[in-house]
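Shown next, in structure tokens, is the structure this report addresses.
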Amino acid sequence: MRVIVADDSALLRTGLVRLLQDAGVSVLAEVGDADAAVAAAIEHEPDVAILDIRMPPGNRDDGVRAADTIRSERPAVGILLLSAHLQASAALHLVERHRVGGFGYLLKDHVAGLEVMVDALERVAAGETVLDPDVVSAIVGRGANQARLDRLTAREREVLSLMAEGRSNAAICRRLSMAARTVETHIASIFTKLDLLVVDDDHRRVRAVLAHLGVDE
């Protein structure tokens, strides 16, 4: 696994780099601003670029703009946004812009351990979509017609949220301590209630769910 790390906090950046290196991840570059992140990604073509959202020079959404530029210049580079802040508008934009896969958006406070970070990197590098549950909630809250979700039971909403995070059926089974057949039944019910086509590919499934919940609107 080859990555670059971009974060304006030198302390956090250095700590993350050391942890990743201890886990066997090759850190090709570490930088402190969005422009340097773009340059490093174009030069090194890592498997994944880890970006903060609020970075110099503007300290607003520079990480979002850097992500867009990197994907335009180097489409094969995965993007993992690692931010202390949840920006609903940025979440909507990024999911729409990077719905081809190889994209993730995690909140720093929710990354409980190194294994969570490495798992996210591996999934993004493999072309999957990895979304923090709060990011999913923001997308649903901003983009969805609530009447659509009102058709679902509380358990079906839990399953839907995990589906939108990019979780496979097996991962949902583990997270909710459910039998595989039970998860399959819930998913079939969700697709029926939301008028979605059933698809086998996990990423196409995420795209279908997010599209129906209003990301395209």
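The values are calculated or read from the model by the stated rules, or taken from the named source; none is laboratory data. Predicted, not measured: the structure shown is a model, and the values here were computed from it. Glycine also receives a Cβ, built like all others from the backbone with ideal geometry; neighbour counts cover every protein chain displayed. For accessibility, only protein heavy atoms count, side chains too; no ligands or nucleic acids. Shrake-Rupley method; radii C 1.70, N 1.55, O 1.52, S 1.80 Å.
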Order of 39-49, 14-24 by packing, highest average Cβ count within 10 Å first?
39-49, 14-24
Sequence order, the range 31-38: Karplus ³J(HN,Hα) from phi using 6.51 cos²θ - 1.76 cosθ + 1.60, θ = phi - 60°, Hz rounded, Gly and Pro as x, gives 9, x, 8, 5, 4, 5, 5, 4
Long-range HN-HN contacts of VAL130 with modeled amide H, under 5 Å
PHE103, GLY104, TYR105
A correct Karplus calculation of ³J(HN,Hα) over the range 151-158, with 6.51 cos²θ - 1.76 cosθ + 1.60, θ = phi - 60°, whole Hz and x for Gly and Pro, returns 6, 8, 6, 4, 5, 5, 5, 4
Rounded to the nearest whole Å², what accessible area per residue is found for the range 2-139 with the 1.4 Å probe?
42 Å²
Per residue of the range 46-52, what does 6.51 cos²θ - 1.76 cosθ + 1.60 with θ = phi - 60° give for ³J(HN,Hα)? Whole Hz please, x for Gly and Pro, Karplus curve as stated.
x, 5, 9, 9, 8, 10, 7
Summing +1 per Lys or Arg and -1 per Asp or Glu among the other residues with Cβ less than 12 Å from ALA23's Cβ gives -3
Taking all protein chains as present, what is the carbon and sulfur share of the accessible area of the range 1-131, in % to the nearest whole number, probe 1.4 Å?
49 percent
